[in-house]
Amino acid sequence: MQKGLVSIIVVSYNAEKYIEKTLLSSLNQTFRNIEVLLLDNASKDKTLEIVKKIQLSDDRLKIFENKENTGPYAGLNFLLEKAAGEYVAINDHDDIWLPEKIERQVEFLEENKKVAACGTETFYYYEKRAILILDRCQGFMDFVNHTSLMFRSNGFRYDTKYILADEYFEKKVLGGKSQIFCIGQPFVVHRIIGDRNNFSHRRFSFSRKDLAEFFEINGFGIKSITYLVGMLVTKYFPDGIVWFIINIVKIKSEKITKKDFGEKYPKVEL
């Protein structure tokens, strides 16, 4: 473990449309003491070609190749074994970071030694509609947007038997409410692609096994039932209905067009 180093880990699969922007947003952080570890899960498109071209101009990027797709969480575990940093940050292969993200999170964890992890507020970018909705959060909680997460490198690993392995990791492995702090500023853009297939919970099948795991992770109550209904709607309802419901649920959230976002954050390319 190298003190002060941040290991940024990315698992990619068929991400040729987005991977360049994702990696450049990771490499172009104001905090420079980073390594970016990318595992490609046997992409069939030009992802690796693009990634290797970026590596030629920045040797902080280290590339690993899988011969078969082992899934995102097994891929993250592989990269966690390779990570040399004191801190680990997760980025999805189609998401974007604002330049100050890592710097702000390192500052927080340096000032709060007893806190295991932190995330940030996140813009959800609904690509099909060119609209971003800000998900606000501040203070201790049991879950932050996964691609905003940074945690101390203390041997943590994902349990790949869970469909919602990212939620299990944050809520159970990292220790829940007293261990994850959300910084009340937006530093992440989480992309929702047109068909919404990059929602992590789209893999959830509502089988008896998946439901049992869901309630093990989230408990049983009004909040978890509401969340489950939201997952059901997202998975099975038409896009127009989903968008209508999102606007009702997020009626008080800040909404911004892609054009206005570009003017407000000129250094961030969506």
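The values are calculated or read from the model by the stated rules, or taken from the named source; none is laboratory data. Predicted model, so just to flag it, every value in this text is computed and none were measured. Using ideal geometry, Cβ is built from the backbone for each residue, glycine included, and neighbour counts are taken over all protein chains shown.
For the reader, a short list of remarks on this structure follows.
- Test for Ala89: is it under 25 Å from Leu134 (Cβ atoms), in contact with a strand residue (DSSP E or B) (Cβ under 8 Å, 6 or more places away or on another chain), modelled with pLDDT of 95 or more and of a type in the set (Gly, Ala, Ser): yes
- Output for segment 71-129, where each listed residue is surrounded by 23 or more Cβ atoms within 10 Å (Cβ to Cβ), among the charged types (D, E, K, R) and closer than 16 Å to Val6 by Cα: Lys101
- Only one of Phe156, Phe187 that is in contact with a Leu (Cβ under 6 Å, 6 or more places away or on another chain), touching a residue at least 60 places away in the same chain (Cβ under 8 Å) and either of a type outside the set (D, E, K, R) or surrounded by fewer than 17 Cβ atoms within 10 Å (Cβ to Cβ) (or both): Phe187
- Residue count for segment 141-165, restricted to those that are within 18 Å of Phe187 (Cβ to Cβ) and either of a type outside the set (S, T, N, Q) or assigned to a loop (DSSP other than H, G, I, E, B) (or both): 8.
- Residue under evaluation Phe64, criteria (1) touching an Asp or Glu at 6+ places or on another chain (Cβ under 8 Å); (2) over 16 Å from Asn77 (Cα atoms), criterion not met: (2)
Yes/no per residue for (1) surrounded by fewer than 14 Cβ atoms within 10 Å (Cβ to Cβ); (2) aromatic (Phe, Trp, Tyr):
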position: Thr226; (1), (2): yes, no
position: Met231; (1), (2): no, no
position: Phe237; (1), (2): yes, yes
position: Ile241; (1), (2): yes, no
position: Asn247; (1), (2): yes, no
position: Lys250; (1), (2): no, no
position: Ile256; (1), (2): no, no
position: Phe261; (1), (2): no, yes
position: Tyr265; (1), (2): no, yes
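- Set side by side, the residues Leu79, Leu24 differ, and just one is hydrophobic (A, V, I, L, M, F, W, C) and under 21 Å from Tyr162 (Cα atoms), which is Leu79.
- Unique residue being at pLDDT 90 or above and farther than 23 Å from Leu132 by Cα when the list is Arg191, Arg208, Arg152, Arg203: Arg152
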